[in-house]
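Read-outs throughout are calculated quantities, based only on the coordinates presented, and are distinct from any laboratory measurement. Remember, it's a predicted structure, so these values are computed and weren't measured experimentally. Please note: Cβ atoms are built from the backbone with ideal geometry, for glycine as well, and neighbour counts cover all protein chains shown.
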Amino acid sequence: MNLLLFGALPYMALALFIAGTIYRYKTGFKYSSLSSQLLETDRLFSASLAFHIGIITIFLGHLVGFLAPSLFIPIGGSSLVIIEIIGIMFGVLALIGMVLLFYRRVTNDRVKTVTNKMDIVIEILLMIQFVIGIFIAIDMHWGSQWYLSNMVPYLHSIFLFQPDISGISVMKPLAQVHVVIAFLIIGLIPFTRLVHFLVAPFHYILRPFQVVRWYWNPKTINDINRQWQDVKRPKNN
Amino acid sequence: MNVRAQMSMVFHLDKCLGCHTCTVACKNIWTDRKGAEYMWWNNVETKPGTGYPTKWEDQEIYKGGWERTKSGKIKLRGAGKLKGLMNIFHNPNLPVIDDYYEPFTYKYLDLIEAPQTDEQPTARPISLITGKPIDIKMGPNWDDDLSGTPDFARKDVNLKNLTPAEQEAMFQLEQMAFYYLPRICNHCINPACVASCPSGAIYKRGEDGVVLIDQSVCRGWRMCITACPYKKAYYNWNTGKSEKCLLCYPRIESGQAPACMHSCVGRIRYLGTLLYDADKIEEVASSEEKDLIANQMDIYLDPNDPEVIKAAKANGIADSTIKAAQKSPIYKFVKEWKIALPLHAEFRTVPNLFYVPPLLPVMASVTQNNKSDGSELNPISKHWSDEWLYDTSIDEIFGTIEQARFPIKYMANLFSVGDTELMTEKLKKLMAIRIYRRYKTVGDISKEKSDRALAEVNLSEEDAEGLYRLTSLAKFDERFVIPAAHREQAIEMAESTADVKGSAGMGFRETPVRGL
């Protein structure tokens, strides 16, 4: 059972995530944040802000620990307490945001019309995940340490294709559930509105403001000395 | 000199009869879809009035367009790199559906299927979003012809620096004085929507300057809705993508007029090519407010100038496009006769839709006067409304332009960044043409008076004749000088024509359905 949940499920989820994302991206039209702000804006404000700030911070926290565990291993004492408190705070923030968003989604008539089944599924999954995460943080102290010693090696082993489930098998069931749900969510990402975080528009910062697209490079299109096959479609701008 | 071609337009407001045929033509072709019901890429507003969406001109509310910073640079008012990304989770400046109106239909079937009763059956209005019965509060053109009502005309944003007396004078005229303002996307030279798009989905086409939203790149971050000061980018709440007027580019690529322009009953619309100098865009957009229009006029180049032609060819502009630019009715209205002005140039997007201001409805003056000293009044040409004397019997026509109708200041707020002199000049030109034509056809005006009128506004007789011709007699081919895209290039424009056989042929082969 453990092997199925912690050895096989992650690979299924990751394969689904990669294949699904590529498929979804290729059929580009369906890629959108699917904002419902046009239909309802007041209740969205606090809910969306709380949720996004909360989940991004928590996600980055998990990610940094996963990518560079050596940075955090020496941390101890009072810094550890601060990290735990910050984690719980942002976790609660994300949960509050998610609950408000979910409540808005199911109570506002206009938003309801642009809600599909996957929205409900993923939002419920996220809420469960937040609750479990917060509960783990409170119940199982020094998570930022055992995350590094037990979970991160397990996650690394997954990504190195040498799954070693010994670390996770000894964890409390709650933490195990947290991992299972996490992989479930990862697998579901391409089939939900969550895809929009994959196209977060950071390239906007470096882009020139104005975008001009040419079908052909205007400098070479009318040049009679150039061979036709030399005329390339230009990079835009 | 970096010469580019730009499809640009002139709307002759004197000829607009407010029939909304353009609007309906556009709606039937492009926005008659779920999620797009509330969008009117082309709409016609009654001025004075609040427009659509309500008070769109008030950038204190909507934060659209560019603003000039103290250092003389420009920045987006409500969007931009930092602000746009900070507000991505919730855009505080986004208009909501109620600022437009909640789209609705009626339950017509109830009229037929209602059981027999003593009362007449009714078709209740239902929301096109939720499908539930609603109380309709607003429609797409509910201010139509209602300039007298306090709800619309008196809330017009352009009344901002008019004195109470001037406003009062306007509303004395309210029974008859209003005009129509048809609006489409301006396909700006410095488009704020393009600059605000975090995904980079919005782009200006190099070949003809049409501004489009790439539907497969748009992610619905909805910053363009805020950034466009004309509120001509719309968010499709169903597909989660933004949409805007595309100047019927499949039609103009094949040399046909856009649907709104083709269907125009009053023949108020003109479409043609302008050549402009792309090196000067930033300079023009960031010029001081009083120089904005003059500088914008300078950015457009003379298509007959050999230097310009040479630079245009070096830039790959097709000979057919240059030829079209030389015959462009827009160039004549905007540069040669200098009679058309952009709408709200102060938004600094350098718009390419120009308006010939209206010289309507009837020449008249309104003066505040004491009724008691009035002698016998001509009962037809003069009448009293409270203490206001409404007078249509005037000799000195030019004098009246400055004093009457809409206050010049009101017109200037719309079309000339508040510059009343510029506005007066345009209206005088319009009047001079009328005097000239009256001298020609009716003959009750002397040649001296006609010559004087033309001389005062620096128009030659040929100019006047040309203006008259293009305004009232021009046939289709004169109003629309559209260089078709080159077939040999057009084949490659979107993709191979063989691949898109059987589709709409617009470089977009997916069914536009909402994502999960």
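Structure data summary
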quantity	calculated
Average partner coverage of B:90-102, which counts Cβ from other chains inside 10 Å	4
Mean residue ellipticity (222 nm) of chain A, computed from DSSP H runs ≥ 4 via -39,500 (n - 2.57), nearest 500	-18500 deg cm²/dmol
Cα gyration tensor shape of the protein assembly as shown, rounded if a/c is under 1.5, else prolate or oblate by comparing a/b with b/c	prolate
Calculated FRET efficiency for the pair residue B:137/residue A:12, C-beta based, R₀ 45 Å, to 0.05	0.30
Tensor-based shape of the stretch A:2-201 (alpha-carbon gyration tensor, a/c under 1.5 rounded, otherwise prolate or oblate)	oblate
Stretchable slack from residue B:32 to residue B:438, in nm (0.36 nm times residue separation minus alpha-carbon distance)	141.6 nm
Pair residue B:73, residue B:107: separation of 7 Å Cα→Cβ label points (nm)	5.8 nm
Prolate/oblate/rounded label for the stretch B:243-319 (Cα gyration tensor, a/c 1.5)	oblate
Ranked B:261, B:39, criterion: other C-beta atoms within 10 Å, fewest first	B:39, B:261
Net lengthening on full extension, residue A:103/residue A:86 (0.36 nm per residue, minus Cα-Cα)	3.6 nm
Residue A:202 paired with residue B:19, simple spin-label distance in nm, labels 7 Å along Cα-to-beta-carbon	5.6 nm
Approximate spin-label separation residue B:420-residue A:139, in nm, with each point projected 7 Å along Cα-to-Cβ	7.7 nm
Over 31 Å between alpha carbons, listed pairs B:83/B:160; B:313/B:429; B:70/B:428; B:15/B:83; B:83/B:310; B:34/B:335	B:313/B:429; B:70/B:428; B:15/B:83; B:83/B:310; B:34/B:335
Helix runs (DSSP H) in chain A reaching 24 Å along axis by Cα, Kyte-Doolittle at least 0.0	A:9-26, A:42-67, A:78-107, A:117-139
Chain A, dipole about Cα centre (Lys/Arg Cβ +1, Asp/Glu Cβ -1), debye to the nearest 20	1100 debye
Check: the protein assembly as shown dipole with +1 on Lys, Arg Cβ and -1 on Asp, Glu Cβ, in debye	2220 debye
Candidates A:170, A:99, A:180, ranked by Gaussian network fluctuation over chain A, Cα under 10 Å, top entry	A:170
Mean Cα-pair separation over length for the stretch B:309-362, i.e. relative contact order, pairs under 8 Å, 6 or more apart, %	21 percent
